[in-house]
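What follows is a short report on a single structure.
We did not get these values from a lab; they are worked out from the coordinates using the rules stated. Remember, it's a predicted structure, so these values are computed and weren't measured experimentally. In this analysis, Cβ positions are derived from the backbone assuming ideal geometry, glycine residues included, and neighbour counts consider all displayed protein chains.
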Amino acid sequence: MKMNIIKYIKSPRIIMRSLGNHGLLNWLPDKPYLKLIYWSATGKKLDINNPKTFNEKLQWLKLYDRKPEYSIYVDKYEVRSYIERTIGKEYLIPLIGLYNKVDEIKWDKLPQRFVIKCTHGSGTNIICTDKDKLDLEEAKKKLRKWMKKNWYWSGREWPYKNVKPRIICEEFISENDDPPMDYKVLCFNGKAKLIEVHINRFGNHKQDFYTIDWNKTNISQKKSISSIVLDKPLVLDKMIELSEMLARDKYHVRIDWYVIFNKLYFGEITFYDGSGLCPFDSEDDDLLLGNMLVL
């Protein structure tokens, strides 16, 4: 405990990040808040007037690229209609239920395996691979906590500000009992440029970056690059094609996918990868991605 206290005293950056995450800086307007929270996350001054790196440009987009439809795209329920209209409902994970509050969920009616998530935030997933082993009270506790949170405040990601808090339940899709890998296609000015691949996200998490012709790069964040080279997905070309359809007329989006038995399933649309607060291990990589994004 003593060492933890000393750590916090010696690191005002950690203190600022914690204050922001707990809503204690909500009184700050967006621009000064982003300058403060960017410094707390990266240790660097944010140049919002002449952004050069990828993470800087994401902060610029938070402030100056605000279209009402973005709130629909980040809503995990409302986006389903957009996906159905744009690329087809066959890419949607089958929906089990939609709920306005935790008490509406009929847990005994749910299948043995499912995924429950909040529609208005990030990282609010309860993955159930065996309902008999689910800690139901803990699941309800998490959902109630998440339903009270507005994800806009911690990173000032504007699209989340007015999303209605709800809960959806989807089928658990996998080739085994483990959550599938995430393929995250980074699109810049409507064109796919890179693919983040997240391996074993809920265990020994690794994150790799591949080019769109499936060459593994040395780009890394938090030194999480893996030691393997994955096989090229058979549906890679379709993944890129559909991602660019969804990225049309947008400065930058990340389109997430799952591949199950060579079938593509849409995950989500994200406008600010890592909220623009996840430093690269090399400054050159941050500049490389920044050069891909023309504002």
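Points to keep in mind about this one:
- The magnitude of the dipole of the chain, with charges of +1 and -1 set on the Cβ of Lys/Arg and Asp/Glu and taken from the Cα centre, is near 1360 debye.
- Semi-axis lengths (Å, descending) of the ellipsoid that matches the C-alpha gyration tensor of the range 101-223: 30, 21, 13
- Each residue, ASP108 and LYS131, gets one label point 7 Å from its Cα in the Cβ direction; the gap between the two is 1.1 nm.
- Sequence of MET245, MET292 once ranked by neighbouring C-beta atoms within 10 Å, starting from the fewest: MET245, MET292
- Using a simple spin-label model with pseudo-atoms 7 Å out from Cα toward Cβ, LYS238 and VAL294 lie 3.1 nm apart.
- Sorting HIS22, HIS198, HIS252 from the fewest to the most surrounding beta carbons within 10 angstrom yields HIS22, HIS198, HIS252.
- When peptides 158-167, 139-148 are sorted by average Cβ neighbour count within 10 Å, with the highest value leading, the order is 158-167, 139-148.
- Paramagnetic label reach from GLU78 (point 7 Å along Cα→Cβ; backbone nitrogen cut-off under 18 Å): within the range 141-172, residues 147-153, 156-169.
- FRET efficiency for LEU63 and MET245, using Cβ-Cβ distance with R0 set to 30 Å, rounded to 0.05: 0.65
- Listed by chain and number, the lysines placed with their C-alpha closer than 27 angstrom to that of LYS106 are LYS76, LYS89, LYS117, LYS131, LYS133, LYS140, LYS141, LYS142, LYS145, LYS148, LYS149, LYS164; residues fewer than eight positions away on the same chain are left out.
- Packing-based ranking, highest mean first, of 278-286, 73-81 given that Cβ atoms within 10 Å are counted: 73-81, 278-286
- Approximate spin-label separation LYS216-THR86, in nm, with each point projected 7 Å along Cα-to-Cβ: 3.1
- Qualifying lysines (Cα of each under 22 Å from Cα of LYS44; at least 8 residues distant if same chain): LYS7, LYS10, LYS31, LYS35, LYS52, LYS57, LYS62, LYS222, LYS223
- Relative contact order (percent, whole number), the chain, Cα cutoff 8 Å, 6+ residue spacing: 20
- Computed about the Cα centre, the dipole magnitude for the range 61-152 is approximately 300 debye when only Lys and Arg (+1) and Asp and Glu (-1) carry charge, each at its Cβ.
- Most to least packed among 87-95, 50-58 [average Cβ atoms within 10 Å]: 50-58, 87-95
- From its DSSP helices (H runs of at least four residues, each -39,500 (n - 2.57)), the chain gives a residue-normalised ellipticity at 222 nm of -9000 deg cm²/dmol.
- Label point at LYS164 placed 7 Å out along Cα→Cβ; residues across the range 105-126 whose backbone nitrogen lies under 18 Å: 105, 117-121
- Bridging of LYS232 to aspartates and glutamates at a Cα separation below 15 Å is possible for ASP182, GLU196, ASP208, ASP213, once same-chain residues fewer than 8 apart are set aside.
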